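To keep things clear, I will list the structure first and then write my remarks on it.
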Amino acid sequence: MVPADMKCQEFVELVTDYMEDSLPAATRADFKAHILECDGCGAHLDQMRQTMQAIGRLSERDLEPEALARMLALFSDWRTQA
Amino acid sequence: MAGVWVDAGETTPPRTGEAKIDAGQVVDRGVLTDAAQLHRLRSGDTEEFERLVVTHHALMYRVARAHVASSAVAEDVVQDTWIAVLDGLTAFEGRSSLRTWIFQILRNVARRRGQREARVVPFSSLMATELGERTLPSVDPERFIPPSDHEWPGHWLWPPRQWECGVEERLLHAETQALMAASIEELPPVQRTVLWLRCIEGWASEEVCLALEISAANQRVLLHRARSNVRGSLEALLEES
């Protein structure tokens, strides 16, 4: 049984507002009630969380040595001017 | 600049300055606005500057790239930003965190550059375009029961399934990581930047709003689209097998 007051198609658009704690109190209550009664939306919410965690484990560390050397040269110039 | 993606959980070095707590530092959502760090920079400590560049340069390039039309211009913008940061260090009052201040300067440098060159796309117009695409749903409408249905319009026709318990390992798999990196690359530039700052760099939403000069509501819209998009790609990959 799925509550009729919030549609799944609406639910999926509110996930970030829910996770960022910025839903109005009444909508938040509907959202939470919907999770309890709808497996599909529960799975969707879990997948959004898992996606966030997985993205968080990606990281970019690709500063090229030449770029760093150029910036350090800038710093050296700045230091001699100061 | 080729993206190299690694598992941050294993390779992230301890954040500069966290090991030793000096007097006079302010903890700003996990970011240290460190009076001692500022003092070292002002007095010309090369190692301190190097740490700053290593921490921020690649991301500054990413953000700049979202503003301008070519990678060469983006590199110029980042370099000009570092020059402006150094010139402004003495006057910087530490009212915001150092990195927020650096990214505000970056935005201003990119904007000035935009006034000089017609090729540069203003960030505000990029953002207006991305926010204007209101019709793009988070999930394919085909997966829901159509509005014409009397009983359950808008409810799942093809609901997502719980990812299996082995999914944690699969999410760390090189193939999955490459797919995530690729689907982030394909996002529109402002969405990509917001996702980057929030999820990968771990910035708080307030800080992202300040640095990119966007409202909290718009930040959530952009973040939601970006997240939903990557989730969709992951779901397709994980369901495939």
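Treating the angle as unsigned and between 0 and 90°, give the value, to the nearest 10°, between the Cα long axis of helix A:65-81 and the longest Cα principal axis of chain A. Value to nearest ten degrees: 60.
Sorted by packing (mean other beta-carbon atoms within 10 Å per residue), highest first, where do B:82-88, B:175-181, B:136-142, B:61-67 land? Present the calculation step by step, with values, prior to reporting the outcome.
Values: B:82-88: 17.9, B:175-181: 15.9, B:136-142: 13.0, B:61-67: 23.0.
The peptides rank, most packed first, as B:61-67, B:82-88, B:175-181, B:136-142.
Between the Cα long axis of helix A:25-37 and the first principal axis of chain A there is an angle of about 70°, rounded to the nearest 10. A simple charge model with +1 on the Cβ of Lys and Arg, -1 on the Cβ of Asp and Glu and nothing else charged puts the dipole of chain A at about 320 debye relative to its Cα centre. Spin-label pair residue B:69-residue B:186: with each label point 7 Å from Cα along the Cα-Cβ axis, the two points sit 2.6 nm from one another. Scalar couplings 3J(HN,Hα) for region B:206-213, obtained by applying the Karplus form with A = 6.51, B = -1.76, C = 1.60 to θ = phi - 60°, are 4, 5, 5, 4, 5, 5, 9, 6 Hz; x denotes Gly and Pro.
Take the Cβ atoms of residue B:161 and residue A:20, set R0 to 22 Å, and the FRET efficiency comes out at 0.30. Mean projected area of the Cα convex hull of region B:146-203, taken over all directions, amounts to 6.7 nm².
Here is the interface size for A with B: some 5200 Å² of accessible area buried, both sides summed, with a 1.4 Å probe. When cysteine pairs in chain A are screened for C-beta atoms closer than 4.7 angstrom, the residues that find no partner are A:8.
Of interest is the spacing of the C-alpha centroids, which for region B:188-239 and region A:20-82 amounts to 7 Å. Maximal additional length on extending the residue B:83-residue B:46 stretch stands at 11.9 nm, based on 0.36 nm per residue less the C-alpha distance.
Taking label points 7 Å from Cα along the Cα-to-Cβ direction, residue A:76 and residue B:91 give a separation of 2.8 nm. Ignoring solvent entirely, what values of log10 I(q)/I(0) come out of the Debye formula for region A:17-66 at 0.20 Å⁻¹ when each Cα is a single scatterer? Rounded to two decimals, the profile gives -0.78.
Using the empirical formula 2.2 N^0.38 Å as the baseline, the Cα radius of gyration of region B:120-241 reaches a ratio of 1.22.
The values are calculated or read from the model by the stated rules, or taken from the named source; none is laboratory data. Since this is a predicted model, take the numbers as computed values, not measurements. With ideal geometry, Cβ positions are generated from the backbone for all residues, glycine too; neighbour counts draw on all protein chains shown. Surface areas here come from the heavy atoms of the whole protein model, side chains and all, with no ligands, DNA or RNA. Shrake-Rupley method; radii C 1.70, N 1.55, O 1.52, S 1.80 Å.
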